[in-house]
Structure formats: structure tokens, C-alpha cells
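Each remark here refers to the structure printed beneath this line.
The values are calculated or read from the model by the stated rules, or taken from the named source; none is laboratory data. Remember, predicted model here, so these are calculated numbers, not experimental data. Positions of Cβ are generated from backbone atoms using ideal geometry, with glycine treated the same way; all protein chains shown enter the neighbour counts. Calculation scope for accessible area: heavy atoms of the full protein, side chains included, ligands and nucleic acids excluded. Shrake-Rupley method; radii C 1.70, N 1.55, O 1.52, S 1.80 Å.
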Amino acid sequence: MSADVAIGSLETPVGRLHVAVTDVGLVDVSWVETRVALRVVDDPVRTKPVLDMLAEYFRGERKRFDIPIDWRLTSGVQRDVLETLYSTVDYGQSVTYGELAVRSGDRVPARGIGSIMGSNPVPIVVPCHRVVASDGLGGYSGGTGRDGLAVKQWLLIMEGALPPTLGWDPGRLEL
């Protein structure tokens, strides 16, 4: 496994995103500086493909990410659930916490699925924003501070999983 990580950032309609990429793959996507405790190196060859794909996604040109993921920040059932989400819930779709629990083998109750989504180290790429409550949006740990649900709603509208609300701006998140 890699002993270092390359970091980069990108301004998006939902705020500045930071990415961390090891020689294995994408390990972290965050609205704050990287949470990976590895030596940081300057390696745009690693970060550019991820940043380019994210830019394409936010322009509506990319529906799927095809980059390797370094799952080192996950383990066991958490990784299984996130991999199930990544491979079964496509752009423009959503799934409830309970439905994802069933797809993942019923080893985790819906409440536990919510906790796993909140600990997803690579949001947007592994689309935890597509996991909703049976009676509404549910939660979202993306964004900064109190704007998590606004980010989730914006992403779901952009992907077409929700109808646009009055005042929705595809160029930026309004809080």
C-alpha cells in the first residue's frame, strides 16, 4: 500500500472539494482538507484524472466515475455496503436506507446504513447522496457546517432524481 497521498482541489457548485489519491486510487473526497494521515506529495498525474472527472460530473457530462478507489479508510461491512451502493445505484436514481440494507445482504439495519453513509470517505464518487429516507431526504454529511441537506438536495436535482425547486441554480448552491 502507498505510503503517500497526492492532494488536489476543485471549486464546484457545492463548494470547494478536496481529493486525496494514493498510488492505489482515490482515498478521500472532502469539503475540508484531506483526512488521510499519509505523507503528502505533489503529484498532479494522480489527482488530475479525479479532478477532471469531478468537473465533468458537475457540468453534467459524466454519469459514472471509472477511477480506482483505495478503500483503506473502510472495513468489513462498511466497505461491503459502500461497494454495493457504488455498483447498484446509478446516476439519477435513489434508494432508501432500508433498500440499500437489503441489497447489501440484510446485515445492517437501515439506521446503520445511515451511519455508514455518514462515514463514506469518498462522497459523490461513491454516491451516498443517492440514499434517502423512506419519508424524505434523510441526512447528509457532505458540505460544510449546516448545509449538508442542501448539498444532497442540489446533487439529486442536478442528477434528475428530484424535480428542481424554485430558485434552484445549476451553477451554484444557494443557502
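If I filter the range 78-100 for residues that are in contact with a strand residue (DSSP E or B) (Cβ under 7 Å, 6 or more places away or on another chain), of a type in the set (Lys, Arg) and either open to solvent by less than 70 Å² (accessible area, probe 1.4 Å) or under 23 Å from ASP23 (Cβ atoms) (or both), do I get at least one hit? Outline the logic, then answer.
Filtering the range 78-100 down to residues in contact with a strand residue (DSSP E or B) (Cβ under 7 Å, 6 or more places away or on another chain) leaves 85, 89, 94-97, 100.
Imposing the further condition that a residue be of a type in the set (Lys, Arg) reduces the set to none.
Checking the range 78-100: not a single residue is in contact with a strand residue (DSSP E or B) (Cβ under 7 Å, 6 or more places away or on another chain), of a type in the set (Lys, Arg) and either open to solvent by less than 70 Å² (accessible area, probe 1.4 Å) or under 23 Å from ASP23 (Cβ atoms) (or both).
Among the listed residues VAL40, VAL36, which satisfies the condition of being more than 22 Å from LEU85 (Cα to Cα) and either part of a loop (DSSP other than H, G, I, E, B) or small (Gly, Ala, Ser) (or both)?
On the way: VAL40 fails: either part of a loop (DSSP other than H, G, I, E, B) or small (Gly, Ala, Ser) (or both).
Residue meeting the stated conditions: VAL36.
Only one of PRO163, PRO68 is over 28 Å from GLU33 (Cα atoms) and either open to solvent by 60 Å² or more (accessible area, probe 1.4 Å) or among the aliphatic types (A, V, I, L, M) (or both); which? Full working, then the answer.
Numbers: PRO68 fails: over 28 Å from GLU33 (Cα atoms).
When all the criteria are applied, what remains is PRO163.
Determine whether TRP168 is assigned to a loop (DSSP other than H, G, I, E, B) and not basic (Lys, Arg). Working first, answer last.
Details: assigned to a loop (DSSP other than H, G, I, E, B): yes; not basic (Lys, Arg): yes.
Yes; evaluated as a whole, the condition is true for this residue.
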Q. Name the pairs whose Cβ atoms lie under 6 Å apart, with the first residue in the range 150-165 and free of Cβ contacts under 8 Å to residues at least 60 places away in the same chain and within 12 Å of PRO127 (Cβ to Cβ), the second of a type outside the set (Ser, Thr, Tyr) and surrounded by 15 or more Cβ atoms within 10 Å (Cβ to Cβ), and 6 or more positions between them or separate chains?
A. LYS152/HIS129; LYS152/LEU137
Q | Condition broken by SER119, with the remaining ones in (1) surrounded by fewer than 20 Cβ atoms within 10 Å (Cβ to Cβ); (2) in contact (Cβ under 8 Å) with a residue 24 or more places away in the chain; (3) more than 27 Å from HIS18 (Cβ to Cβ) satisfied | A | (3)
Q) What number of residues in the range 126-151 are modelled with pLDDT under 95, part of a helix (DSSP H, G or I) and either open to solvent by less than 40 Å² (accessible area, probe 1.4 Å) or at positive phi (or both)? A) 5
Q: Give the residues of the range 31-50 that are closer than 24 Å to VAL151 by Cβ and buried (at least 19 other Cβ atoms within 10 Å of the Cβ), sorted by residue number.
A: TRP31, THR34, VAL36, THR47, VAL50
Q | helices (runs of 4 or more DSSP H) wholly inside the range 63-125 that include at least 3 residues being closer than 26 Å to ALA6 by Cβ and not charged (D, E, K, R) | A | 76-88
Q. Among THR88, THR47, THR96, which is the only one that is closer than 16 Å to MET117 by Cα, β-branched (Val, Ile, Thr), more than 15 Å from the chain's Cα centre (by Cα) and at pLDDT 95 or above?
A. THR96
Q) How about the range 1-29: which of its residues are touching a Gly at 6+ places or on another chain (Cβ under 7 Å) and in a loop (DSSP other than H, G, I, E, B)? A) PRO13, VAL14
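Considering the range 1-30 alone, what residues qualify as being of a type in the set (Val, Ile, Thr) and open to solvent by less than 20 Å² (accessible area, probe 1.4 Å)?
Going through the range 1-30, the residues of a type in the set (Val, Ile, Thr) turn out to be 5, 7, 12, 14, 19, 21-22, 24, 27, 29.
VAL5, THR12, VAL14, VAL19, VAL21, THR22, VAL27, VAL29 - these are the residues of the range 1-30 that are of a type in the set (Val, Ile, Thr) and open to solvent by less than 20 Å² (accessible area, probe 1.4 Å).
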Q: Go over the candidates VAL19, VAL14 one by one and state the one that is β-branched (Val, Ile, Thr), in contact with a helix residue (DSSP H, G or I) (Cβ under 7 Å, 6 or more places away or on another chain) and at pLDDT below 95.
A: VAL14
